[in-house]
1. Would you mind checking which residues have amide H under 5 Å from residue 85's amide H? H placed 1.01 Å from N; only 5 or more apart, or other chain.
2. Return the whole-Å distance between the Cα centroid of region 279-314 and the Cα centroid of region 47-93.
3. How much accessible surface area, in Å² rounded to 10, belongs to the heavy atoms of residue 288 with a 1.4 Å probe?
4. Per residue of region 160-167, what does 6.51 cos²θ - 1.76 cosθ + 1.60 with θ = phi - 60° give for ³J(HN,Hα)? Whole Hz please, x for Gly and Pro, Karplus curve as stated.
5. Over the heavy atoms of residue 148, what accessible area does a 1.4 Å probe trace out, to the nearest 10 Å²?
6. Percent of alpha carbon pairs in region 26-136 separated by more than 20 Å?
7. I'd like the orientation of helix 191-207 relative to the chain: the angle between its Cα long axis and the longest Cα principal axis, in ° from 0 to 90, rounded to 10.
8. Any idea how far apart residue 196 and residue 313 come out in nm if each label point goes 7 Å out from Cα toward Cβ?
Amino acid sequence: MTDVSEIRAQDFTELVAPLRGELHAHCYRMLGSVHDADDALQDALLRAWRAIDGFEGRSSLRSWLYRIATNTCLDAIAQRGRRALPVDLGPSSDHAVVGDAPLTEVAWLGPYPDARYEQRESVELAFVAALQHLPGNQRAALLLFEVLGFSAAEIATWMDTTTASVNSALQRARATVAEKVPARDHQPPADARVREVVAAYSSALERGDVDLLLSLVTDDVTWSMPPLPHWYRGRSAVGDFATTIAFVCGSWRHVPTSANGQPAVASYLRAPGEDVHRAWSVDVLTFRGDQVAELTAFIGPEHFEAWGLPVTLP
């Protein structure tokens with residue numbers, strides 16, 4: 001345990017530095033946005049600094065900071081609501097929707113820069129998307145108990161409720177997440193296969209090769225592109241979108257990366273008449289077996305900053 005005198009004797013920033021990464025990941029899981037997580041963590045650390053005199057060392061500094069960060073996120077959820085993906089808004093489209101316009105009134109789920117190995121499963125896109133369907137108290141209880149290993153009694157104290165209420169929230173949260181997150185019936189593909197698929201996906205878009213693209217995906221593959229509201233399911237619909245829109249809108253270049261602990265590519269588009277490729281989307285690939293079951297392309301150059309990626313390529 002760290003007592004108050006020890007905290008006062010050290011620089012606060014240095015003291016919390018080892019915990020910043022995991023606290024930021026917790027805020028992202030709660031809020032579904034890197035930018036919201038940035039704001040929440042900054043607010044939580046400011047609250048902690050202001051309340052440092054009230055820290056009596058009866059719990060660890062880590063537990064104390066998680067309590068503050070969780071309540072900061074709950075305040076944000078109460079104000080902003082949940083984030084969504086296109087698949088949450090309506091049925092898939094059978095054919096390419098030409099002129100699909102961004103839906104700006106929706107708070108969209110965002111991608112997360114690559115996480116440490118031990119965090120990967122807890123920031124996977126399907127899991128974070130499922131969390132957004134939970135009320136704030138259920139979301140917090142599930143993450144604190146299942147992901148971070150705090151006890152139901154601790155969580156009850158932090159959330160000013162009873163242990164029975166926490167256990168009830170956990171039961172409801174588990175049922176919702178189990179319904180939303182597909183069962184893992186296959187082992188993840190080997191790294192070599194992942195690199196092969198990522199390279200082939202990039203090549204298919206750059207060459208306009210629909211046969212290559214469709215050879216990489218499952219029969220029921222989905223392709224969504226927030227903030228565009230329309231999305232596509234199945235090889236036929238995905239192939240129609242690729243040939244009607246993706247292959248003809250300009251020249252593509254790709255940089256392999258990772259997001260949400262999953263394979264990803266940063267996509268750059270050179271529109272007709274331009275001489276540079278501009279940041280377009282971070283495409284997250286979700287595998288089932290050794291094929292891609294979900295393509296989620298997060299459109300917008302604002303996503304590239306968190307990866308430290310350039311916004312243009314020559």
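The values are calculated or read from the model by the stated rules, or taken from the named source; none is laboratory data. Here the structure is a predicted model, which means the values were calculated and not measured. FYI the Cβ positions are ideal-geometry reconstructions off the backbone, even for glycines, and counts take in every protein chain you see. Quick note on the areas: whole protein, heavy atoms, side chains included, nothing else; ligands and nucleic acids left out. Shrake-Rupley method; radii C 1.70, N 1.55, O 1.52, S 1.80 Å.
1. 109
2. 26
3. Only protein atoms counted, so the area is about 100 Å².
4. Rounded to whole hertz, the list is 6, 9, 9, 4, 4, 5, 5, 5.
5. 30
6. On the way: 3122 of 6105 pairs.
Tail fraction, whole percent: 51.
7. The answer is roughly 50 degrees.
8. Result for the modelled spin labels: 2.3 nm.
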